[in-house]
Structure formats: structure tokens, C-alpha cells
1. Which value in nm describes the separation of the simple spin-label points at ILE329 and LEU298, placed 7 Å from the Cα toward the beta carbon?
2. First check a/c for region 1-111, with a ≥ b ≥ c the square roots of the eigenvalues of its C-alpha gyration tensor; if it is under 1.5, answer rounded, and if not, answer prolate when a/b is larger than b/c or oblate otherwise.
3. Using alpha carbon centroids, what distance separates region 1-73 and region 341-378, in Å?
4. How would region 14-66 be classified by its alpha-carbon gyration tensor: rounded, prolate or oblate, with rounded meaning a/c under 1.5 and the a/b versus b/c comparison settling the rest?
5. Normalised by the number of residues in region 36-180, what is the relative contact order in percent for Cα pairs under 8 Å and 6+ residues apart?
6. Past 25 Å, Cα to Cα: identify those pairs from LYS12/LYS151; LYS72/LYS336; LYS72/LYS372; LYS12/LYS336, in the order given.
7. State, to one decimal in nm, how far the label point of ALA370 lies from the label point of ALA95, with both points 7 Å from Cα in the Cβ direction.
8. Return the whole-Å distance between the Cα centroid of region 379-397 and the Cα centroid of region 89-165.
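Bear in mind that the values in this text are calculations on the coordinates, not laboratory data. Quick caveat, the model's predicted, so the values are computed rather than measured. Note: ideal-geometry Cβ built from the backbone for every residue, glycine included; neighbour counts use all protein chains shown.
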Amino acid sequence: MRMKFVRNGRTKRRELMVATQRGEELDRKRATWLAEEGDALLLGFTFEAQHGMALLHYDVEGLWSLRTYLSKRSMSYEELLGPLEVLQQLLDLCAEHRIPTEMLLFDPEYVFVDTQCCARFVMLPLEELPLQRRNSPLALLHALGNVDGLKFASPDAEGLSRRLAQFLIELNEVFSANRFRRFLENEERQTGGDAAQESDEGEAPGTSTWAAAGTGTGVQAAGGSALFWSPLAGLVEEEPAPAVKPAPAVKPQVVAAPAPEPMPVPAPVPEPQPAPAPQPAPAATPAPEPRPAPAPILRAWLVRLSTGEEHPLPLGSTVQLGRGSACTIRLLGNPKLSRAHAALSCDGQLACVTDLGAANGTFVDGVRLAPKQTSVLPVGQRFRLASEEFYVRVEQA
């Protein structure tokens, strides 16, 4: 097959075009599934087939190749871990739909990254593709474990890359999905939740740093200015009354009688003012008509706008959202999302979202929620987890 990047003459969008050659046959069943349903982890796809040949088109407008992305950026811990978690999700997808891993391109030149640091993969729906080393999962792992060839934003990121390099040595060039899963599980246990993410990105907005300063206590405010206050601030002590000194003794002397004080002039008596006329009592405001109760919710789904994913929500219970394996709804592919980012509940009348202390925050109407704060979501109200928007779609009676 031949692969090249072109500009689509009709849509004017950049795309990766793959042309099959003699002996390469299109798997129509999987090609139709990829074009009509696909998955958020895979690139958008269309195809043409005629006279035994096929043209495959993959939309890569606005995307970077992973190789270019790694060469241009100082990688944080979460940006390195994100493609590894997406790889695990992709292997699970292959097992679920019985997709041979030979149909996926793991060469970093053909793995793509979007503006939200989410990895996207190319699936080639062709029959009996040979497994090439540069297109195996090992190629992706070698790119992320290349300690000397990467730039790191933190020691945690470099540590992850070194552990991955050691893991590749232990694999001895034979990829094992089970061993890779255990590697990710061990990594999650070692980092203990979001500790690595928060260490890279600093304290979440709204937190304070405390430090001693002289005789008072210093508070580093969110804006960066230092405020100082005394431990006794707010307590007011009355000044002690001055001591009364005894008057000095004086000799008796004749004092002239004081001049008579002038009589005070009486103040003028104001004239009586007429009493104001009584004002008529205001008309009673009619009581507002009671609003009709909202229609009960029969079913609900969480919609992820960036990918179009829809996840059913059980009514009357709370689900946990995030990248972690313990979450009810796993949101993979975006390293800015925390492992346990937010909780979402939906009963028969309304939905509520609660921030779980995520480093990059939960936002409703553009306002960031405090950790453990809950906000009600009206029907159709969008909310944001880190850099992604979501909303709850409902079916009412």
C-alpha cells in the first residue's frame, strides 16, 4: 500500500490517503463499521473501492503526528501517561470487536495528537496484513521510553519514561498485553491518584500557601501577594485609665467674684407642620401562578462533545467520572482529566455534578466549583471537566 498526506479537493481538509496495491483486499465489513460507527480512539474514515482497488481517506486536519509532538514539547507526566492509557483502551477495543492488531498503525509517524493532547489511531481495514515491527505496539512504547530523545517538564515524567524503558527491556521485543496492563496498574498504584499531575501543574486555584513571617503569620494569596496578620488580630484591648495625681496644696487667697454669666437665649419654637395626608394602601400583588412541575426523567445519557460519546446514566445513583480504572465512566485520551475528576448523579427530576478535587477543575456556567462542591444542572446545561465540555441528555415523559 502507498500512504501520503494530501489536501482534499472537495472539503479542503488535510487527510492521510492510503491506496491499496495488488494482493491487498479491503475488509468491507470492518471498513463499513469504521466509516459508520467507529470509535473515539480511531481517526475519522471514508473509503472508495472499485476494480479490486481501494482508496482510504483519514481526516487529520488540525492534528500533529506523535513523532512531531514529542520533538516539539517538554512532556509532563500526564502527557506521557495519556497515550499509554489510550493504547490499553485500544487493545480492549480490539478484543471487544475482534479486530486484529495488525490493522492498527502504532508507528509514531502515523499516531496523531489533537489540540487536547488526545491520541488518535489509524485503523487499516485490509485483510491479512503482515505484522511489521514499526507498526507494532512496541514502536509506540519505544518512542515514549526514549529517555535520551525526549524533553521532560518534571522529574516525574522522566521517571515514567525510564520505568517504561526498563519494562521494554524485560519484554525482550515480545509485546504482551497482560504484562502491559499490569505495568499500567502498578504505575497507577505508585503515583497514588493525582499526585503526579498536581505536582506538575502546581496547586489548584483557590488554595493558599502558609509561611511564618516575623511575629505574625503569612498567607500567600491566590494572586501571589503576601498578607500578614497577627495571632491576636481582631482582639481590641482598652487602654488603662491614667492614674489620678493628688492636687498640690495651695495657700488660701481672696478670689474676686466671677462676672455673672449671660442668660441663654431661648431657641425659637418651630411652627407646627400639617400632618401628611394618608396615602392609599398599595394594591395587593397577586400571588404568582404555580409553575408546572418538570416532566419526570425516564432515561439519561452523559454526552462528551469532543468525541460524540454517549454513556447511559443509571437514575437514582451516582457515577464517578475520570481516567482511573475505578471510575464508573472512564474518559480516556485527555491527560488533563484527573483519574477521579467528578461525580454525576441523575434522579427523576434533575442532574447534579460534584467536583472531586480535580487539579484542572470542574466548571458550570464558567464558574469553577470548589472541591466537593455540588451544582445542579438544568436539562441541557453544559459543564466542563478540565478542557472538555459535556452535557446530560434526557428523555422525559
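1. 2.0
2. Note, shape of region 1-111 comes out oblate.
3. Each part reduced to its Cα centre gives a spacing of 38 Å.
4. Numbers: a/c = 2.45, a/b = 1.47, b/c = 1.67.
Oblate, because a/c is 1.5 or more while a/b does not exceed b/c.
5. 27
6. Table pairs above 25 Å Cα-Cα are LYS12/LYS151; LYS72/LYS372; LYS12/LYS336.
7. 4.3
8. Region 379-397 and region 89-165 have Cα centres separated by 31 Å.
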